Amino acid sequence: MSGVMVVTGASRGIGAATARLAAEHGYSVAVNYVANELAADEVVEHCRRLGAGAIAVRADVSDEAEVRTLMATTEAELGRPTVLVNNAGILHQQMRFDEMSVERWREALDVNIIGSFLCAREAVRRMSTRHGGPGGSIVNVSSAASYLGSPGEYIDYAATKAAVDTLTIGLAQEVATEAIRVNAVRPGLIHTDIHASGGEPDRIARVASSVPMQRGGTPEEVARTILWLASDEASYVTGALVNCSGGR
Ligand code: NAP
């Protein structure tokens, strides 16, 4: 397997695991991050040790100009992107809906929705046969929150992920004849830093009993699902929302 994969939010967690696995599978990888340069560089070094081309690119996915630079830098240094993994996402402190501020909502919508839209749009402009591109694959990282709703914790976050699901369904159909497949993975409770951002680092231990498999998942388990959806093994799969959540 080969190609050029852009993974947003690849300095940590699910994105970092995806970048590492992509390098193992023979992809060149653009490791995007927004703040944590050291962590991004470590992922790049890991990929290079595996013999893969890899670069770290700082870009805030909610910023149009920075997303354009992310794609242009990737194309100049690694070649035209053939896979986009729309993974970057943020989670705010757990709270009731009636306590949330509009500033919080705007930030969540900006990163999780506009960020995914911007990256997907720039990817389609490069991949679509309609624009002279070779085709490709987009994998959006949604969440089980999109169907659970996250009451008492972060309804705003859950709603951003529902938007990512709808983007996946619509865009998959719009570009189905342009050699681009668009799918989403919906992770459940995955062991990453994101739960600390929500104010409860040990959240998985508290809610694991609600998972039919009785455990959280690893970033690598999600990464394997993403790599499959991105690959030609999934050549007839588009518009799919794949739960990776232990049955939850
Ligand atoms: P994480 O460990 O908190 O890592 C977040 C990553 O996103 C970091 O690499 C961070 O970069 C990057 N990032 C944040 N804001 C960004 C921005 N504006 N522009 C570019 N990059 C940005 O998160 P994770 O748990 O791996 O989550 C990855 C994705 O999976 C998210 O979309 C999340 O909603 C989704 N998800 C996670 C879980 C879970 O249980 N962990 C469950 C369902 C869905 P820096 O390191 O530079 O800050």
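State whether one or more residues within region 24-45 are on the phi > 0 side of the Ramachandran plot and in contact (Cβ under 8 Å) with a residue 12 or more places away in the chain. Step through it out loud before you land on a result.
From region 24-45, those on the phi > 0 side of the Ramachandran plot are 26; that's our starting set.
Now narrow it down to the ones that are in contact (Cβ under 8 Å) with a residue 12 or more places away in the chain: 26.
Taking every residue of region 24-45 in turn, at least one turns out to be on the phi > 0 side of the Ramachandran plot and in contact (Cβ under 8 Å) with a residue 12 or more places away in the chain.
Of all residues in region 132-146, which are touching a helix residue (DSSP H, G or I) at 6+ places or on another chain (Cβ under 8 Å) and without any contact (Cβ under 8 Å) to a residue 40 or more places away in the chain?
Ala145
Please verify whether Val164 is modelled with pLDDT of 95 or more, on the phi < 0 side of the Ramachandran plot and either open to solvent by 10 Å² or more (accessible area, probe 1.4 Å) or not in a helix (DSSP H, G or I) (or both), treating the condition exactly as stated.
Answer is no for this residue.
I'm trying to understand the selection: among the residues of region 67-93, which are surrounded by fewer than 17 Cβ atoms within 10 Å (Cβ to Cβ) and not aliphatic (A, V, I, L, M)? Don't jump to the end; show me each part of the working.
Let us first name the residues in region 67-93 that are surrounded by fewer than 17 Cβ atoms within 10 Å (Cβ to Cβ), namely 68-69, 72, 75-77, 79-80, 93.
Hits for region 67-93 are Arg68, Thr69, Glu75, Glu77, Gly79, Arg80, Gln93.
Quick check, is Ala17 farther than 25 Å from Pro201 by Cβ and either surrounded by fewer than 24 Cβ atoms within 10 Å (Cβ to Cβ) or in contact with a helix residue (DSSP H, G or I) (Cβ under 7 Å, 6 or more places away or on another chain) (or both)? Give the derivation first.
Details: farther than 25 Å from Pro201 by Cβ: no; either surrounded by fewer than 24 Cβ atoms within 10 Å (Cβ to Cβ) or in contact with a helix residue (DSSP H, G or I) (Cβ under 7 Å, 6 or more places away or on another chain) (or both): yes.
For Ala17, the condition - farther than 25 Å from Pro201 by Cβ and either surrounded by fewer than 24 Cβ atoms within 10 Å (Cβ to Cβ) or in contact with a helix residue (DSSP H, G or I) (Cβ under 7 Å, 6 or more places away or on another chain) (or both) - is not met.
Working carefully through the options Gly9, Gly53, Gly15, find the one that is near the ligand (Cβ under 8 Å from one of its atoms) and at negative phi.
Numbers: Gly9 fails: at negative phi; Gly53 fails: near the ligand (Cβ under 8 Å from one of its atoms).
Answer to the check: Gly15.
Looking at region 183-248, what helices (runs of 4 or more DSSP H) fall wholly within it and have at least 1 residues that are surrounded by 15 or more Cβ atoms within 10 Å (Cβ to Cβ) and more than 11 Å from the ligand (Cβ to nearest atom)?
On the way: elements: 194-197, 203-207, 219-230.
Filter on region 183-248 gives 219-230.
The values are calculated or read from the model by the stated rules, or taken from the named source; none is laboratory data. A quick note: this is a predicted structure, and the numbers were derived from the prediction, not measured. A quick note on method: Cβ atoms are made from the backbone with ideal geometry, for glycine too, and the neighbour counts reach across all protein chains shown. SASA here: full protein model, heavy atoms, side chains in, ligands and nucleic acids out. Shrake-Rupley method; radii C 1.70, N 1.55, O 1.52, S 1.80 Å.
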